[in-house]
Each structure stands twice: as structure tokens, then as C-alpha cells.
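The block underneath contains the structure these notes are about, expressed in C-alpha cells.
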Amino acid sequence: MSEKNYFTVIAYDIANDKRRRALVRVLESFGNRAQESLFEAWLTDCERKKMATKAHHCIDPAADRLAIYVLPKLDHDAIINLGTGIITADFTHLIV
């Protein structure tokens with residue numbers, strides 16, 4: 001039985017270019033960039049924990065912020081998206 005995927009929004013504010021680039025590489029392996037400092041992904045609990053662990057190694061908790069928000073299906077269906085860009089659809093992803 002496979003784990004359930006949840007729509008996950010990842011936002012960050014990283015003070016250092018080197019740490020930011022490292023974090024972006026991690027996030028790109030799990031999801032899609034929606035805006036400059038915002039990613040969207042469909043992740044299982046296990047994948048989200050793995051992503052958080054890898055991301056934690058990229059940031060300085062004293063200077064940076066990383067926020068991971070999990071939306072239930074009902075909340076995802078209620079998202080209003082205005083302007084350019086589309087909300088990440090369910091996609092097949094590869095974890096490297």
C-alpha cells in the first residue's frame with residue numbers, strides 16, 4: 001500500500017547566496033518552483049521528512065527561515081490562483 005501524497009508548499013528566506021543555491025538544489029529534487037522563494041510539491045510524509053532533513057543541512061537556523069506547509073486535499077481544492085503561473089498538478093517526481 002503506497003503512502004498518500006499531500007500538497008506541500010515550501011517557502012524560504014535565506015540570507016546567504018551559497019546556502020540559498022544549496023537549498024534550491026534540494027527543493028528542485030522534490031518539487032517545482034512556483035515563485036522565486038516558493039516551491040510546490042506532492043509529497044508523502046516520508047518524502048517530506050527526507051526533504052526537511054536535507055534542507056536543514058543547507059540553512060543557518062540563526063539567520064534563515066524555511067517553512068513547510070502541508071495542505072489537505074480539501075484545502076488544495078479551494079486555492080485561488082490569480083496571475084501568471086499554475087498551481088502544481090499531481091506529478092511523478094524523482095528523488096535523487
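The values are calculated or read from the model by the stated rules, or taken from the named source; none is laboratory data. Small disclaimer: the values here were computed from a predicted structure and weren't measured. Keep in mind that these areas ignore ligands, DNA and RNA; they rest on the heavy atoms of the full protein, side chains included. Shrake-Rupley method; radii C 1.70, N 1.55, O 1.52, S 1.80 Å.
Just need a number here: residues in the stretch 18-46 that are of a type outside the set (Gly, Ala, Ser) and in a strand (DSSP E or B).
8
Is it the case that some residue within the stretch 7-16 is at pLDDT 90 or above and open to solvent by 70 Å² or more (accessible area, probe 1.4 Å)?
yes
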